[in-house]
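Below you will find the structure I want to go over with you.
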Amino acid sequence: MKLLMIYCDKFGYRPTVRTLDDFEEVKEGNVFEKALVAFIHAEEKDMEDMKRAETKMVKNLKWAAKKNNTRYVILHSFAHLSESKANPHFTKELFDRVEARMKNADYNCDQTPFGYFLDLQVEAPGVSQARIFKGF
């Protein structure tokens with residue numbers, strides 16, 4: 001798993017190109033403020049133990065959110081951080097499980113549309129804890 005977390009004063013997206021027909025069709029975008037945006041790349045090795053990948057992701061998201069004083073986390077599939085890729089259905093299930101756990105821990109958590117290229121709007125402050133990369 002590769003996890004690039006960026007704290008954003010403002011983060012927005014708009015769907016542009018649908019790349020995976022197996023997932024929900026989305027036509028509308030969204031904008032979030034004061035959120036930790038996680039650019040997530042699930043790798044093939046993560047499919048060996050979903051529970052481990054889920055637990056490590058949740059732990060890292062909570063840690064980074066706390067560092068940036070936010071309770072809002074956005075999960076964004078970003079399969080460009082490694083050559084190894086997990087199956088898209090595995091990745092979506094992992095995202096859904098992580099979202100549920102974050103919500104159960106009193107975080108606000110959303111996902112960008114899965115299976116789309118998106119136009120992104122990223123406004124991130126220039127402080128060191130606003131950009132964190134983890135590989136596990």
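The values are calculated or read from the model by the stated rules, or taken from the named source; none is laboratory data. No experiment lies behind these values; they were computed from the predicted model shown. FYI the Cβ positions are ideal-geometry reconstructions off the backbone, even for glycines, and counts take in every protein chain you see.
Applying the selection to the range 16-34, what residues are under 24 Å from Arg131 (Cα atoms), in a strand (DSSP E or B) and touching a residue at least 40 places away in the same chain (Cβ under 8 Å)?
Once the filter is applied, which keeps residues that are under 24 Å from Arg131 (Cα atoms), in a strand (DSSP E or B) and touching a residue at least 40 places away in the same chain (Cβ under 8 Å), the range 16-34 yields Asn30, Val31, Phe32.
Let me ask you something else. Right, Ser128: in contact (Cβ under 8 Å) with a residue 24 or more places away in the chain and of a type outside the set (Val, Ile, Thr) or not?
no
Let me ask something else. So which residues in the range 89-136 are of a type in the set (A, V, I, L, M, F, W, C), in a helix (DSSP H, G or I) and farther than 24 Å from Val26 by Cα, if there are any at all?
The answer is Ala130, and nothing else.
Also: Any residue at all in the range 48-56 that is touching a strand residue (DSSP E or B) at 6+ places or on another chain (Cβ under 9 Å), of a type in the set (A, V, I, L, M, F, W, C) and surrounded by 13 or more Cβ atoms within 10 Å (Cβ to Cβ)?
No; the residues of the range 48-56 include none that is touching a strand residue (DSSP E or B) at 6+ places or on another chain (Cβ under 9 Å), of a type in the set (A, V, I, L, M, F, W, C) and surrounded by 13 or more Cβ atoms within 10 Å (Cβ to Cβ).
Could you please find all residues in the range 46-98 being of a type in the set (Val, Ile, Thr) and closer than 21 Å to Phe32 by Cα?
Across the range 46-98, the qualifying residues are Val58, Thr70, Val73, Ile74, Val98.
Quick one: how many residues across the range 1-58 are over 19 Å from Asp119 (Cα atoms), modelled with pLDDT of 95 or more and among the acidic types (Asp, Glu)?
Looking only at that region, the number is 6.
Scan Ala38, Ala86, Ala65 and give me the residue that is touching a strand residue (DSSP E or B) at 6+ places or on another chain (Cβ under 9 Å), in a loop (DSSP other than H, G, I, E, B) and surrounded by 13 or more Cβ atoms within 10 Å (Cβ to Cβ).
Being touching a strand residue (DSSP E or B) at 6+ places or on another chain (Cβ under 9 Å), in a loop (DSSP other than H, G, I, E, B) and surrounded by 13 or more Cβ atoms within 10 Å (Cβ to Cβ) holds for just one of Ala38, Ala86, Ala65, which is Ala86.
Restricting to the range 89-121, count the residues that are small (Gly, Ala, Ser) and either under 18 Å from Val17 (Cβ atoms) or surrounded by 15 or more Cβ atoms within 10 Å (Cβ to Cβ) (or both).
Residues meeting the conditions: 1.
Now for a separate question. Can you name the condition, by its number, that Ala130 falls short on among (1) within 16 Å of Phe39 (Cβ to Cβ); (2) crowded, with 18+ Cβ neighbours inside 10 Å?
Single failed check for Ala130: (2).
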